[in-house]
Amino acid sequence: MISLALLPVGLMAILQTRNVTEKARRNAELALLAMVEQSALQERLVIQRAFGVADGIAEIAPEIEGDVDQCTAQLAGIAERSQRFSFIGIVDTEGNMECSSTGTQMNVKESENYYGFLGSREPSISVVSRPSVTRSPVISVAVPILSGDQLDGHVLISIPHHTLSPPEQDDKEAAMALKDIVTFNSKGDVLSFRGGEEFRPERLPAGLNLAALTTDTSNAFSSLNRLGQDRIYSVVPIQNGQLFVLGIWDAQSGLAEQIVGRYPQLIFPILMWLVSLAVVIGAIHHLVLRHVRSLRRQMVRFARDRALQEPKTVNEMPTELREIQTSFSTMAYSIMQDEANLEDAVREKNVLIREIHHRVKNNLQLISSIVNMQIRNVESPEAKEILRRVQDRVLSLATIHRDLYQSNSAGLVNVGNLINEVIEKSVHIGSDQSKPVQIESDIEDIMLYPDQAVPMSLLAAEAATNAMKYVGAANGGDRWIKVSFVAGEGKTRVFHLSNCVGDEPAMQGTGMGTKLIKAFAIQLDAKLDVEDQPDEYALTVTFDAADFIAQAESY
């Protein structure tokens, strides 16, 4: 969103940069073209003077051609006074030259450097590397002699190369960037070259020759030369489509650098966009992000440790964030207060529950004492046995309630401890000193909720009482009882009790213990397996530990 918001500014900067770059490029082109024109000024003046002198001679040629000596003398005087021309001659339409500044008479058609100006009605210019007269490279200017519409011949003027050496540049930087200056005609013939050495085509643009560079207007462009070097080329026409000057510049220095550009046009808008983006991001961080992070740290700390600390920068927050901070602080204090009230309520409820179990335990012990008093007053052995069994069951219930009010495991009861206690108490009450019983136990610490802990403990107590009642030894062997309470796979819990059976006749019981065991198994929703063999009696109870299910009145 920030980038999109800054996009119009970036586009305006791109347009402005492009306009400024285009103006700078155009100014650099004009400067290069002006420097090329200045460098070729001497060639232009000499060649223009040659054309002017040739035009003048063409006007008087019909008058002076009749007298060869007079014509030769006049042409020699013109060449001497100009000090720029090495040769001046008049050629007829057949190529015969009888009048020249050097007195030479010849037919130009037979010359090896004849370039075909005969028959042309337009002025022309060419380069002659080895002329027949001067023997040194010259630039030859040919102007037609016209009598009305009739062509009578041509005036030839030769300009030595050494007279066209370009002047030194005043701008040293520009002089270093300027690599070559080439003067050429419309046919692509090199007329002069800076330094006087032979021109090499490798310096031209790749894929172009001099004839392809002719133009009616001044022009500048960048390109790679045939050697792969980056160059700026500026072309200036200086003589009516007949003469052109080519300037070759190093693209990496001087004014030429402004045409190709040292840096891309997008660099400054991109930099401006990045700076603006950095400013906006810094402002967002200072005004929003750091406060949001501080608020997040407070929330994490409060969720983990219930610790609340006011930030130091609360006065620097924007109004909206300050309101959020205030709302969070109010909510946090309210949550801590509600949790404190809940903890007090839970603590009070636990105290009441423990008090209830404690009172139940005391009442059961009181009932046990009353039953015990009744046992002492009863004379019938059968009645005493029945009352003692009742007393055992009451004491088992009292033991369970004692453990319930002493438990601090979120309502869970260690049933393993309860079973250990009831087994020990049952063995102690029902044991006979003359006939000891060996107890083998494998009881794990298994936690159950009271809904299952109470019936399981009572079931274990009844099973232990029955075992002590009917335990015996075959053939005078040892008497034993094996008890185990272990956790199976998943939530499965297994209680197993077995005892040996002796040869002596078993005591006759009322069957109340068996009925109670079945009732407690139904409460546990357990599977009850009984194995009654001649030498062993085994009881196995298998059930699943129940999860806590809250009652509707708990809410």
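All of the numbers you see were taken from the coordinates with simple rules; none came from a lab. From a predicted model like this one, the values you see are computed outputs, not experimental measurements. All Cβ positions, glycine included, derive from the backbone under ideal geometry; neighbour counts span all protein chains shown.
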With N set to the number of residues, divide the alpha-carbon radius of gyration of region 43-162 by 2.2 N^0.38 Å and report two decimals.
0.95
Could you give the spread of the C-alpha atoms of region 267-340 along their three principal axes, from largest to smallest, in whole angstroms?
63, 23, 16
What is the Cα convex hull volume of region 417-466 when expressed per residue in Å³?
66 Å³
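Return the FRET efficiency for the residue pair Asp69, Arg18: r is the Cβ-Cβ distance, R0 is 60 Å, and the value is rounded to the nearest 0.05.
0.30
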Whose amide H sits under 5 Å from the amide H of Leu243, counting only residues 5 or more places off or on another chain, with H placed in the peptide plane?
Ile238
How long are the three semi-axes of the equivalent ellipsoid for region 282-407, computed from the Cα gyration tensor as the root of 5 times each eigenvalue, in whole Å, largest first?
67, 11, 7
Explain nothing, just the number: relative contact order of region 267-340, from Cα pairs under 8 Å at least 6 residues apart, as a whole percent.
28 percent
Taking only the alpha-carbon atoms of region 341-406, what semi-axes of the equivalent ellipsoid follow from 5 times the gyration tensor eigenvalues under a square root, in whole Å, largest first?
35, 9, 5
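Quote the relative contact order of region 317-417 in percent (integer), defining contacts as alpha-carbon pairs under 8 Å separated by 6+ residues. The partial results should precede the final answer.
On the way: 49 pairs, mean separation 29.9, N = 101.
Over region 317-417, the number comes to 30 percent.
Based only on the alpha carbon positions, what is the Kirkwood hydrodynamic radius of region 313-358, in angstrom?
Every distinct Cα pair counted, the radius reaches 13.2 Å.
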